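Chemist: Handing you this structure, nothing more for now.
Each value in this text was obtained by applying a stated rule to the coordinates, not by laboratory testing. Please read these numbers as outputs of a predicted model, since none were measured by experiment. Cβ placement follows ideal geometry from the backbone for every residue including glycine, while neighbour counts extend to all protein chains displayed.
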Amino acid sequence: MSYSLSFTKSILVVIFIADKVRQKQFEFLSTADISRYLSIPKPTLVKILQNLNMANIIETKEGKNGGIRLMKDPSKITVLEILNAMERGKPLFQTSFNILSEGKRPDNAQKSIKKILNNAENQLKNQLSKKTIAEMLVEMNG
């Protein structure tokens, strides 16, 4: 499998930001606070935030009262949206084959493997598209 740990961490970052703003503790959160509270090294967090920013999930504000906040309501942010921001079309499974066997049976085996793995990834993405950050915030309190 090949989705990165940064994808998982990015979900946590979005939940953390949404929860702090929902509790009216902060309007903007600093990168230093997010890094410290979530134990994510700053260089990793910066890459996560850049990807989330490019996907219009978060916005940043410079200055003394600046920091990070969500660009939209948590009920409008799906886990699939975060996956797409972080992995940018990268497949979950590597299905490039470089085998020496040639012919109908090896070709069909490769096609069968690609089909099952692509179906699995599509099912995963379908599930991720149904889960919002708002729902995860509710589950945190349950």
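Chemist: Remind me, relative contact order of segment 28-142 in percent, using alpha carbon pairs under 8 angstrom and six or more residues apart?
Modeler: That works out to 28 percent.
Chemist: Another question, if that's okay. When 92, 29, 100 are ordered from fewest to most other Cβ atoms inside 10 Å of their Cβ, what list results?
Modeler: 100, 92, 29
Chemist: Can you list the HN-Hα couplings for segment 94-106, worked out from phi with the Karplus curve (6.51, -1.76, 1.60; θ = phi - 60°), rounded to whole Hz and with x for Gly and Pro?
Modeler: Per residue, the Karplus-derived 3J(HN,Hα) values read 8, 10, 7, 10, 9, 9, 7, 5, 10, x, 4, 5, x Hz.
Chemist: At what distance in angstrom do the alpha carbon centres of segment 1-56 and segment 79-142 lie from each other?
Modeler: 23 Å
Chemist: Answer with a single label: of [x] 44; [y] 50; [z] 61, which was calculated as percent of Cα pairs over 21 Å apart from the structure in view?
Modeler: Checked against the structure: label [y].
Chemist: Could you work out how far helix 42-54 tilts from the main Cα principal axis of the chain, as a 0 to 90 degree angle to the nearest 10?
Modeler: On a 0 to 90 degree scale, this one is about 80.
Chemist: Same structure, new question: May I ask you to order 125-138, 74-87 by the average number of other C-beta atoms within 10 Å around their residues, highest value first?
Modeler: Most protected by this proxy first, the peptides run 74-87, 125-138.
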